[in-house]
Amino acid sequence: MADICPNCGLPKELCVCNILDRETESKIKVYSKKAKFDKIITIVEGIGADELERTAKSLKRILACGGTAKDSTIELQGAHKDAAKKALVSIGYRESSIEVS
């Protein structure tokens, strides 16, 4: 008897859960705001909790800046809105799912 996927109900060989997860990827928002002492930080929202730390580390390395991942957001030191979008695309996120404001 073939194993059945608990999510989609299909046999494991025909499971489409991974494809559906990628298609229903949420929007990623990238924006800047002022923090303490009029310093600008770039915020990246909408990345899943399982990918948050890995993505933050990659963004900090590519953009050569400091930052942190907390409360399901990534905070990068400096104004990196456009560069962050390019970096997210190079990491593997779809360009159509990234919104810069």
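Could you tell me which residue of the stretch 24-54 is surrounded by the most Cβ atoms within 10 Å (Cβ to Cβ), considering only residues that are closer than 21 Å to Arg94 by Cβ and of a type in the set (A, V, I, L, M)? Step through it out loud before you land on a result.
As a first pass, look at the stretch 24-54 and keep what is closer than 21 Å to Arg94 by Cβ: 24-31, 42-54.
Filter once more, keeping what is of a type in the set (A, V, I, L, M): 28, 30, 43-44, 47, 49, 52.
Values: Ile28: 20, Val30: 23, Ile43: 17, Val44: 26, Ile47: 23, Ala49: 8, Leu52: 17.
This residue is Val44.
Let's see how each residue does on (1) modelled with pLDDT under 95; (2) farther than 16 Å from Lys29 by Cα:
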residue	(1), (2)
Thr55	yes, no
Leu59	no, no
Cys65	no, yes
Leu88	yes, no
Arg94	yes, no
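Regarding Leu88, is this residue surrounded by 17 or more Cβ atoms within 10 Å (Cβ to Cβ), at negative phi and touching a Gly at 6+ places or on another chain (Cβ under 8 Å)? First the steps, then the outcome.
Numbers: surrounded by 17 or more Cβ atoms within 10 Å (Cβ to Cβ): yes; at negative phi: yes; touching a Gly at 6+ places or on another chain (Cβ under 8 Å): no.
So Leu88 fails the test.
The values are calculated or read from the model by the stated rules, or taken from the named source; none is laboratory data. The structure presented is a predicted model; accordingly, all values stated were derived computationally and were not measured. A quick note on method: Cβ atoms are made from the backbone with ideal geometry, for glycine too, and the neighbour counts reach across all protein chains shown.
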